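J.: Would you mind keeping the following structure in view while I ask a few things?
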Amino acid sequence: MVLYKIGSRDSQLPKMIGAFLIVIAVLMLIQSGARMYDSWQVLKGFDDCVSKAADISTSVGDAQVQPALAQTVFELRYQDCKQSLYEITGAQIKGGETTIVPWSRTFFTAMINPIAMFFMWAIVFLIALFMFNSGEVIVPVEEAEIPLRPFHHRKRR
């Protein structure tokens, strides 16, 4: 087996790479945590957004305005709620649905990606921590099997 060793007493390249990766991983952990929080807040607030759109459309309808205008106002606000959900989470609501059922396909579509990214950056952080603490990295470049011949005992004369 041929080994390629990075790092020695003089060269601290693995520690430096590990330090940079730790900083990057911490920043990305914070960002993915914020995305996870935003996704949760949008999912939780979608029903309220739709109910506020319905309230606004009924208040427009109470002002003796045509019912078609009230429906248009509701549709515009409802589309705004759907667009906000899509931009933040990437999840789409089927036409006509006004609620998000917990543990539904839409719920999983919105939450799985931020959670997976959070755990991926946690793994990168752990790998970077190992690199930083060890100070050297040994990578097998090529593996080859070499058959050994059995030793023959020669008779001495």
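The values are calculated or read from the model by the stated rules, or taken from the named source; none is laboratory data. None of the values given here were measured: they were computed from a predicted structure. Here Cβ is always computed from backbone atoms with ideal geometry, including for glycine, and neighbour counts include all displayed protein chains.
J.: Within the group Ala91, Ala122, Ala116, which residue is under 17 Å from the mean Cα position of the chain (by Cα) and modelled with pLDDT under 85?
T.: Ala91
J.: Mind listing just one residue for me: the one in the range 91-110 that is aliphatic (A, V, I, L, M) and in contact with a helix residue (DSSP H, G or I) (Cβ under 6 Å, 6 or more places away or on another chain) and, of those, farthest from Ser39 (Cα to Cα)?
T.: Ile93
J.: Say we look at the range 9-47 and pick out the residues that are farther than 12 Å from Ala128 by Cβ and small (Gly, Ala, Ser); which of these is surrounded by the most Cβ atoms within 10 Å (Cβ to Cβ)?
T.: Out of the qualifying residues, it is Ser39.
J.: When you look at Val101, is it at pLDDT below 70, within 18 Å of Gly45 (Cα to Cα) and aliphatic (A, V, I, L, M), yes or no?
T.: It is true that Val101 is at pLDDT below 70, within 18 Å of Gly45 (Cα to Cα) and aliphatic (A, V, I, L, M).
J.: Which number in (1) at pLDDT 75 or above; (2) assigned to a loop (DSSP other than H, G, I, E, B); (3) among the β-branched types (Val, Ile, Thr) marks the one condition that Ile30 misses?
T.: Ile30 satisfies all of (1) at pLDDT 75 or above; (2) assigned to a loop (DSSP other than H, G, I, E, B); (3) among the β-branched types (Val, Ile, Thr) except (2).
J.: While we're here: Considering the range 48-82 alone, what residues qualify as being modelled with pLDDT of 75 or more and either surrounded by fewer than 12 Cβ atoms within 10 Å (Cβ to Cβ) or closer than 29 Å to Val124 by Cα (or both)?
T.: Asp48, Gln79 - these are the residues of the range 48-82 that are modelled with pLDDT of 75 or more and either surrounded by fewer than 12 Cβ atoms within 10 Å (Cβ to Cβ) or closer than 29 Å to Val124 by Cα (or both).
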